[in-house]
Amino acid sequence: MKLRIPFILLILGCCLSSCDYYFDLEGLDRDSKLYVQCIAGNSDRTFINIQKAMGVNSSGDIMPDVESISLKVNGRECAIEKFVLPDPPENPYYGVTKTSVAPPLPWELEEYYTLKRYNIWYTDAPIKDSDELSLEVKAKGMESVSASARVPQKVVIQDVKVTPKVTTVTDFDVSYKESYLSFDVSIADVSPEEYYGVRIPIEVNNTYTYDDGRVESYNYSAYAGIINRTGSGVLDEVQNATGDWTPSLYNNYFIDSFGRRNLYIIPGSRIKDGHLQFDCNGYFSSQGISETRDIDPETGEWIIGHVSINTIGRYKVEVFRVSPEFYRFNKAQSMIEDNYLATVGLSPSTFSYTNIKGGFGVLGTLTGTSTPWYQAPAEPEQ
Amino acid sequence: MKRLIISIGLALCALFSGFGQEVERTDTLREARIVADRVRRDRAATQTGLQRLDGSILRRGFALFNTPDIIKTLQMMPGVAGGTELMSGLYVHGGDGTDNLFLLDGVPLYQVSHLVGLFSSFNTDLTEEVNFYKSGFPARYGGRMSSVVDVRTREGSFQEYHGTFALGLIDGRIQVEGPIVKDRTSFNIGLRRTWSEVVSIPVLYYVNKKEFEDNGEGKSDKVNASYNFSDFNLKVTHKFSNDNRLSLNLYGGEDRLPITVKTASSTTDAGVEHWGYDSVRGRLQWGNILASLNWQYDITDKLYLETTAYRSKNKNIIGARLSMWDWDGKDVYYNIGEDVRAHTVTTGLTANAYFKPVEAHHIRFGALVQHKGYAPEREYLTESVGRSSDLKFSGKNDVLFKAWESSIYAEDEISVLPWLKANLGVRGALFSVNGKNWAKLEPRASLMFRLGDNSDLKFSYSEMNQFDHSVATTYLDLPTNTWMPSTAVVKPMFSRQIAGGFYTTAASWLKITLEGWYKTMDHLYEYGGPMAIYPPIDSWETLFTEGRGKSWGAEAGFEMEWEKVTAQAYYTLSWSLRKFDDFYFDWYPDRNDNRHKIDLLANWYVSPRFELYAGWHYHTGNKMTAASYVVKGVDDQGTPFARFEIYDRPNSLKLPDYHRLDLGLNFKRTTRRGHESTWNLSIYNVYCRMNAVFAHITDEYEDYITPEGYPNTRPTGRSIGEAFGLIPIIPTFGYTLKF
């Protein structure tokens, strides 16, 4: 009996034990490395974001002590400056301003405070097609990193065809008609070995005319989202280069000249006969009347009115040729974010990619070609 | 058929009449003979990496839920990783688990597990023997690249009726065999079924009743679900003469999981309360159906012919439907549903000949022709009724591949010298699909050097191609997975393996096996898209990325047998790597890269009425992909937090080591009618090691006392792994009656 009681207690203890437990991260004790992101070739100013990648088990100072940065274009050293973030605008609310066309604005104000603590550097040295870049960064107490890349040649846009279309959208328990613009962009010299990007900048003016004669006008600029409707074909494999994963650096209007917002990347092998076909997720020009409801402050009754909405939109098409490194880096990050099962070991391994030797991040390049601004065609009747 | 039914009826009568009282002695003698034969055959085999298991040994081992299991037994073998705990994974010499050729009486099976891998599809009551090849594959096998599991079922007795009846904790099975025409025709039939509904139905009835009592008619939630699997095997053999026999083999196995959840909700309009139900209905169903006709004929003393015609069908179905109610319209106004079905059908004809012109040459040759159909489809529906505008939106993605796979082979087992034997062979395979032809030639060679009376040295070389690809987006053994053929885009998987070993009977009670291998694998495919439960049916060729693998290692086996005790000790030291350029620029560990694996097994036959079993299993933890680095930011208060994570290498994190102890007891007794009955008590995972099934990385927290004196927690700024174990200690019992 003396032996039985401990044995029974042991069994009961085991049965009641918790089914989750903590363990040390064996094999993940890593020394900190430099994390460098630099996307060059698409603007007059080139930014370099330098961070410290710390082992998941590490703690301590989160910023690297940068000793030197060397960016060479075709072997010539470029002048590098530390970037000082200007004060934020007064109304950083999703890019809506009552001014004329404004640049895209930051997603949230708090991102600003985070950005202020980033190590951001820049150069205004001109970088153009076919330039050879080499980057080297040294930081105190950390392994030096280096990378090289070549700026791809510009894309030649041959033709742009835009067709207004209407589709029925089912959003769980509501279905409605939605109009959208379907694009067919012809580009020259598409190579299956190269990678391409597309982005649709838009400028929109919304004018609201109320029953009581009030008129409100809003201008905003943004980049259209691209979606893959059934049958749109080629963009099924499009990689949306934006997402929550990315350091908000690229989503910030101060340095958006990277051209990363709503940039969709696609391998050349997926572009058939030089035609880049895709649909935008909305329409940039429309007219309509809507009901308004306000509460009368004196009587507390609903005041039902009407508002006529006149939306005038413009758009243009930007097509990029992007470096393989830039494509692979984005795809890797996107796959990681999009596969939760992989992060708990229940799905195939997630991607990992960097071309920064000795560290992480990417030295990516891209060059873009833009069409002029086009007026969005009138929205078709639904 | 009439005779068969009568025979089954007679056999069932025998269960209650003591008809087979002499069987126990016969079985004992038979088992002893089989064991002795096994020792001789293992020594005689030229191949490396061969494990032979006869049915009696399988049935004698540890049995979770009183259900002996072939796959679980093979998982204990050296050089084999089991993958996720309790699943029927079989990762042989670094293979990916979908590259094993499972043959049931020579016919390929696609789905080999029940209950998401908890039980394998093979009923050991009918199993004659299992030949398990990890390397040194003879040329007569082909179509998979990592292993061959050749399961042979027993012919029924031509003399008398007998069988086995077993009750486990969640399933039961019966096997009956006997003559249809004495000495001419026999049958052997086995049925197996779970009765988890016996538990789930009353439990859910009680839950639903309680809900009804609490909330009333029309306002209470309802849940209905029941899982069951069943399978049956039938083998009917007719002997035209001692040299000429025909067998009909049937196998059917299916898992079913219907589930319905109805949720009551209300809305109030104009002071009137309306109640209705939203419902979710799901259905999972998967299994195999197989039929084959086998003819064996000894044409002369030196020439033997075996021909098999067969049809094997694998079927997976998973579906879900959501319905929502509407108070102002009809009862149900919104439906959304999705069904995914995958069918793989193989129809084949194979002819194998065994020719022994002289004692020094044992020649085998043959041919195989298979027609294969791969037909996955996904159907979805969205409909809204009773609204101002009815809406119906439905679609279907499906693909159909039809392929021909043909192969011919020849192999010769040559006694070159008294101390040297060789098995040389070659297999040619042609796979045709949608106008694309893949032609492959696979050389095979094994050499055996006899070192005295008790020791052998063996070497082997083999190449294997695989034209079937398991398309899965997760590592979960779900019926969402489907099979697809090699196409113009997706190349056949290919493996090349060299192996060598030393085999000795060091003493009458001790057999030692030492083996080593090096294996490369090309054209492996892994899913490289965003998270998806259903495999992408129409874009699978592009969303799966191609890579390579290599594996090497050494394994040691010690098999000991005394009068009352048998024991086995197996150890494996191995490496398994992968290289997928789209994932990572260099080689990285496979998720089943278990550096060390140890299996210790012992049976103690204490007395004729009492047996004990113990097994301890250990392997180095599996690997998983985890973020190794983090880039931190600071919030507006200056507090650091993880801004984003960096995955520097796939499978960078090692999970905690796996180990567990199993114990089993068998109490045997003889019934009043002279039947052998056995009560079995099995304890799986005796010390309740919560081995990790999956894990993730999370922030580490520490306790501290706030300035106000209250206990609280705060992040340390470091990370820690959190493992989730699902399988605690599982005691089970069962009853088996042989009659």
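Computed from the coordinates by the stated procedures, all read-outs in this text should not be read as laboratory data. Since this is a predicted model, take the numbers as computed values, not measurements. FYI the Cβ positions are ideal-geometry reconstructions off the backbone, even for glycines, and counts take in every protein chain you see.
Things to note:
- In this simple spin-label approximation, residue B:419 and residue B:718 carry label points 7 Å from Cα along the Cα→Cβ vector, and these lie 6.0 nm apart.
- Dipole magnitude of the range B:2-738, debye to nearest 20 (Cβ charges: Lys/Arg +1, Asp/Glu -1, about Cα centre): 2420
- Amide N proximity, the range B:245-277 versus residue A:304 label position 7 Å along Cα-to-Cβ, cut-off under 20 Å: B:269-271
- For the range B:505-605, the fraction of C-alpha pairs farther apart than 17 angstrom is 66 percent.
- Histogrammed with a bin width of 5 Å, the alpha carbon distances of the range A:287-382 distribute as 2, 10, 9, 9, 9, 8, 8, 9, 10, 10, 8, 5, 2, 0, 0 percent, first bin at zero.
- Each 10 Å bin from zero holds the following percent of Cα-Cα pairs in the range B:2-738: 3, 12, 21, 25, 20, 11, 5, 2, 1, 0.
- Averaged over residues, the count of other Cβ atoms within 10 Å places the peptides B:514-520, B:536-542 in the sequence B:514-520, B:536-542, highest first.
- With distances taken between every two different alpha-carbon atoms, the range B:568-686 has a Kirkwood hydrodynamic radius of 18.8 Å.
- Within straight-line reach of residue B:219, meaning a Cα separation under 30 Å, sit the following lysines at least 8 residues removed in sequence or on another chain: B:209, B:210, B:262, B:330, B:392.
- Under conditions of 4 °C and 1.567 mPa s, the range B:103-201 yields 83 µm² s⁻¹ as its translational diffusion coefficient, taking Rh as the Kirkwood radius over Cα pairs in the Stokes-Einstein equation.
- Entries of B:511/B:738; B:491/B:519; B:235/B:491; A:177/B:396 with Cα pairs more than 28 Å apart: B:511/B:738; B:235/B:491
- Among B:422, B:487, B:158 - extreme Cα towards positive end, dipole of the range B:2-738, charges at beta-carbon: B:158
- Between residue B:579 and residue B:561, the simple spin-label model (points 7 angstrom out along Cα→Cβ) gives 4.4 nm.
- Relative contact order, percent, chain B [alpha-carbon distance under 8 Å, six or more residues apart]: 11
- Residue-count net charge about residue B:609 - beta-carbon cut-off 9 Å; Lys, Arg +1, Asp, Glu -1: +1
- Most positive-pole-ward Cα, B:200, B:74, B:697, against dipole of chain B from beta carbon charges: B:74
- If you take all other residues with their beta carbon under 13 Å from the beta carbon of residue B:600, and give Lys and Arg +1 and Asp and Glu -1, the sum is -1.
- Each peptide in B:462-473, B:188-199 gets a packing score, the mean of other Cβ atoms within 10 Å over its residues, and the list from highest to lowest is B:462-473, B:188-199.
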